[in-house]
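Structure record follows, encoded as structure tokens.
The values are calculated or read from the model by the stated rules, or taken from the named source; none is laboratory data. Model, not experiment: these values are computed from the prediction. So basically every Cβ, Gly included, is an ideal-geometry build from the backbone, and we count neighbours across all protein chains shown. Surface areas here come from the heavy atoms of the whole protein model, side chains and all, with no ligands, DNA or RNA. Shrake-Rupley method; radii C 1.70, N 1.55, O 1.52, S 1.80 Å.
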Amino acid sequence: MQYIEENYDVVVVGAGHAGCEAALACARLGLETIIFTVSVDSIALMPCNPNIGGSSKGHLVREIDALGGQMGINIDKTFIQSKMLNKSKGPAVHSLRAQADKANYSMEMRRTLQSTDHLTIRQAEVSELLTEDAAQNSVRRVTGVKTVTGAVYHSKAVVLCTGTYLQARCLTGESVTYTGPNGLMAATHLSESLKQNGVELFRFKTGTPARIDGRTIDYSRMEEQKGDARVVPFSFTTDPESVQIEQVSCWLTYTNERTHEIIRNNLDRSPIYAGIIEGTGPRYCPSIEDKVVKFADKDRHQIFIEPEGIHTTEMYVGGMSSSMPEDVQQEMYRTLPGLEHAKIVRNAYAIEYDCINPNQLYATLEFKKIKGLFSGGQFNGSSGYEEAACQGLIAGINAAMQILGREPLILDRSEAYIGVLIDDLVTKENHEPYRMMTSRAEYRLLLRQDNADLRLTKKGYEIGLISKERYEWVCQKERLIEQEVARVSRVHIGASREVQELLEQYGSIPLKTGVTLAELIRRPELDYEKLAPIDKERPQLACDVIEQVNIFIKYEGYLSRQQKQVENFKKLEKKRIPEDFDYDEVPSLRIEARQKLKLYRPASIGQASRISGVSPADVSVLLIYMDSMRKHRDGVSKKDEI
Amino acid sequence: MEQDTIAAISTAIANGGIGMIRISGKDAVSVADRVLRLHGGKTLSDMKSHTIHYGHVYDEDEIIDEVMVTLMRGPKSYTREDVIEINCHGGVYVLKKILELVISRGARLAEPGEFTKRAFLNGRIDLSQAESVMEMIQAKNEYALRSSVRQLSGRLSDEIRNIRSELLHETAYIESALDDPEHISLDGYTVPFKEKLEHIRERLQHLLSTSENGRILKEGISTVIVGKPNAGKSSLLNTLLNEERAIVTNIAGTTRDVLEEQLNLNGILLRVTDTAGIRETKNPVEQIGVEKARESMKDADLILYVVDTSTELDENDMEIMKLLDQTPALILLNKSDLAPKVTAQEMEHQLHAFCGSETSFRMISVSAKEGSGMDELEAAVREMFLSCEVKGEDEMYVTNVRHKAALSDALSSVLLVLKSMEDGMPEDVYTIDLMNAYRSLGLILGEEVEEDLVNEIFQSFCMGK
């Protein structure tokens, strides 16, 4: 039985971290939006680690915030511990990570959705994607979705954010359940409908450790890990004073030879080693089985015991995800100092699910072959809450832009980690759940978490997700930074007694001649703030402005080198390849390059050059061909004029 | 068009003729001024377009050659950019030396076909020629890639591979610590890292200083002819020496067993050593000769292995093949005028058995007696050591210069890392330059970077949740 329920502008399938951002973006832009979830109680669920941020992921959260997304604001309201990682390293790799109160985070996001106009929340399993023939060559157009109960929702765009729910299967040793994460219902019908629409699916796998009852843990045998004394918020809109809360601790313990022995003795019962799991798992969060086998020479592994929230006594065992049978789990967790009498609340498990080969997407996150169909999150073959959220945001924005008849938002590799992430997904071969890493961002000195607002607020404003007031505030900040950088590069400091004494105080070599203030700031042992006493005309500036000035001066040489590389990079990015470009018409392309180019359909020459199998000579050939086409066209139109 | 400045040797190398280096791009004039001293003390930037000037090329204070320089400012030039052409007295060594100098003063070595590409993109070449331009670029690139890789000796490529994998490993270590600071720590890392990096710097500098480049062209290619007795070694040498084009000088060898001859093979100098058969022997007098032969094989730039195809392979051949894995070698299937007992296929099979299936040798059928196959031999030598585009439509380049440029790029990147360490910069800025060094060395081997770093991180370091 099927019936027409209602018409919407946008349908979002899934209310995880990607789905929520997508739905919020569309609704905030005034589009009638409906978000589907298999369980309204599980909106923005964190089924794995209880934290948001971390190396490079913290950057993503800041970027989401600068574009007008929600994740940063909500974690600032619900975190229970926070740390800036890599503080002893350069500013480019400083990364904020907060422990979340999972229940509060989920509740907060539900509250956000509920208080957003134009947004409908619906608990239902979407079972079918509805499409029709588009007039264009072999491209289809999305018309809506159908739920398993027969309701049809027509829409102009659909955003798929199905996470790990499609055909999900959870494994704990020999025990297999056909459920999604955390025992939730799996979505069993949509995969088939996607295949019928020509979507190519992969099978990926991930896993999570056990949760242990904190009341059964002996913390005296572990090392305490406290949060930072001064907490920095994620969101640029959060008042820094509001996040100076009392924090809870995490705890550090270690595996030992006995743990490893138990694992080795039971490897034949591990679904991965027994060959029951077909999906490809991520290398960066290996199960403890994998760690013991692959790094056999390590006699211990670090294990972090992290609270899941303040309403629960459950503790997350970071570093020990597993798909071992329950009895082996019991035994192995109890070998850890402090966990001798531990009781498991929830088992560790591995989960397998359907996702897509993301090379089917444009960088807008729209399907190349189904107009109006967008997707984000783990469904796109990524992993992690933050990776999901930022894709959801971009997919939502671009669905909205398409409906509104406006230009899509594509961030390039020199503008944001989000740009790197999406470009990697749609351009490179992806064989495992994709995780963001700072090493993937080649211009990372420029893409810092501290300047995400300076990089992206303008774009958020142009899209309509950032208020005018906030945008002007960032413009003002930019001006102040510029002026102060100019000032410290100009101001001369003489070798006065006061100056020499200050230098001596920081173990810095005394001056022989006068230097600029900037030159002193650049010395490793000094910085902008330390020089305050000898800088008489210093204006009163906010600390985020000071931070930028300090970084700019200290790393000037490196920053300008990267800036130069970016200029070269941009040149090729600007050379757009038309969507209907026919690679078969280009003579002299090598066969491999031709095949890859036809498959990926890059949007620019720059993107083409990053596809493996496309050589620099192929790129030259493309350039020349496109140029000759242009000249040909110009020639023809000139003739027409005559 | 805003583009960098490129340079290449633009004439085929001819014996003793005039050679030309072409520079194109917005800095062409200033780059040229950095290596030139014109007659009358003026600089090219003072000069009018489309003029010719007499002067000298200098490397610091050392005079390199007497030259005529043509100045053509864009857009009235081949590429429509500023173009400088330096005409010198030729000689492969001088040409390369000037090209290297130009590169070290701010130009970049042109990609194969790049002058033509620019000429096209800047509107100099007609639309109807676009297709042939594309074909030319693919062809030149493939050729450059093939000859570039073939030109590396096993030792050199092994060393570059080693340095690369060390660079990758160090980078991966730093990156894994940045990505997962709670599991992997960089505490106390900089001291051993600095040592390792200094070592890598030394090795790169060594590679650069001994790069075969200059030496081979200046002093000639030290060549050893090996083969069992009566394989035709001496007649091959005589044939080469009797070729009309060969300029012959005789220098008595250091011993009676090893005789060195110099011959000029159309511009390339070969220093040829003829050796006794290599067979293990107990006769003490003969043994000295055999030892010498082995020594010279080890030190040689090129081995010419003469195979007598009219008789079966014997233990001499086996001994020789054992020694063939390191030095570039050409296999000469001699006595092609007689009925063959040994075929090229069989030789290949044998060589793979001795040297591993990944090494490939170029085989040439010759008849030393009748003088056939000598042209092919000459072309092969030329290709191995110079890789010149002999067709020379618009440019000609020497692949070795490409190797050297990549090596010195890698070295500058390593030096930048050392400088960053000295300046107290944090570890995350090192890896950017480390990866640049890795990438430069990859160019020599024709390898792309792609996912190497991420793979190495996961392979070598235990990460995460």
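Given the condition within 14 Å of another protein chain (Cβ to nearest Cβ) and within 26 Å of the chain's Cα centre (by Cα), answer yes or no: does some residue in segment A:252-274 qualify? Within segment A:252-274, none of the residues are within 14 Å of another protein chain (Cβ to nearest Cβ) and within 26 Å of the chain's Cα centre (by Cα).
Can you find, within segment A:109-118, the residue that is most open to solvent (accessible area, probe 1.4 Å) among those that are more than 18 Å from the chain's Cα centre (by Cα) and either at pLDDT below 95 or not β-branched (Val, Ile, Thr) (or both)? Lay out the reasoning, then the answer.
Initially, segment A:109-118 is screened for residues more than 18 Å from the chain's Cα centre (by Cα), giving A:110-118.
Cutting the leftovers down to either at pLDDT below 95 or not β-branched (Val, Ile, Thr) (or both) gives us A:110-111, A:113-115, A:117-118.
Values: A:Arg110: 69, A:Arg111: 132, A:Leu113: 1, A:Gln114: 112, A:Ser115: 91, A:Asp117: 114, A:His118: 79 Å².
Going through the qualifying residues, I end up with A:Arg111.
Residues that are over 12 Å from B:Gln459 (Cα atoms) and facing chain B (nearest Cβ under 7 Å) were ranked within segment A:280-300; the one that is least open to solvent (accessible area, probe 1.4 Å) is A:Cys285.
Residues in segment A:66-108 that are open to solvent by 10 Å² or more (accessible area, probe 1.4 Å), within 14 Å of chain B (Cβ to nearest Cβ) and among the hydroxyl-bearing types (Ser, Thr, Tyr): A:Ser88 alone. Residue count for segment A:264-279 under the criterion of being crowded, with 22+ Cβ neighbours inside 10 Å and in contact with a strand residue (DSSP E or B) (Cβ under 6 Å, 6 or more places away or on another chain): the result is 1.
Yes or no, residue by residue, for (1) closer than 25 Å to A:Leu454 by Cβ; (2) surrounded by 12 or more Cβ atoms within 10 Å (Cβ to Cβ):
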position	(1), (2)
A:Val485	yes, yes
A:Val499	no, yes
A:Glu504	no, no
A:Arg523	no, yes
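Scanning segment B:322-381 for residues that are over 28 Å from the mean Cα position of the chain (by Cα) and on the phi > 0 side of the Ramachandran plot, we see that the one that is surrounded by the most Cβ atoms within 10 Å (Cβ to Cβ) is B:Lys335.
Pull up segment A:535-550, narrow it to residues that are in a loop (DSSP other than H, G, I, E, B) and without any contact (Cβ under 8 Å) to a residue 24 or more places away in the chain, then point me to the one that is most open to solvent (accessible area, probe 1.4 Å).
Initial filter on segment A:535-550 (in a loop (DSSP other than H, G, I, E, B)): A:535-542.
Pick out the ones that are also without any contact (Cβ under 8 Å) to a residue 24 or more places away in the chain and you get A:536, A:538, A:540.
Numbers: A:Lys536: 140, A:Arg538: 55, A:Gln540: 180 Å².
The residue in question is A:Gln540.
Grab the strands (runs of 3 or more DSSP E) fully contained in segment A:1-103, keeping just those with 1 or more residues being within 22 Å of A:Ala399 (Cβ to Cβ) and polar (S, T, N, Q).
On the way: elements: A:3-13, A:33-37, A:51-53, A:79-85, A:95-100.
Passing ranges, in order: A:3-13, A:33-37.
Could you list, in sequence order, all residues of segment A:170-199 that are in contact with a Leu (Cβ under 9 Å, 6 or more places away or on another chain) and exposed (fewer than 15 other Cβ atoms within 10 Å of the Cβ)? Within segment A:170-199, A:Thr177, A:Lys195, A:Gln196 qualify. Residue count for segment A:105-143, restricted to those that are closer than 18 Å to A:Leu184 by Cα, of a type in the set (D, E, K, R) and outside any strand (DSSP E or B): 2. Inspect all residues belonging to segment A:551-563 and state whether any of them is outside any helix (DSSP H, G or I) and under 29 Å from A:Cys475 (Cβ atoms). The answer is yes; a qualifying residue exists.
Anything in segment A:597-617 that is within 13 Å of another protein chain (Cβ to nearest Cβ) and either open to solvent by less than 80 Å² (accessible area, probe 1.4 Å) or among the hydrophobic types (A, V, I, L, M, F, W, C) (or both)? List them, or say none.
To start, the set of residues in segment A:597-617 that are within 13 Å of another protein chain (Cβ to nearest Cβ) comprises A:605, A:609-617.
Of everything in segment A:597-617, those that are within 13 Å of another protein chain (Cβ to nearest Cβ) and either open to solvent by less than 80 Å² (accessible area, probe 1.4 Å) or among the hydrophobic types (A, V, I, L, M, F, W, C) (or both) turn out to be A:Ile605, A:Ser609, A:Arg610, A:Ile611, A:Ser612, A:Gly613, A:Val614, A:Ser615, A:Ala617.
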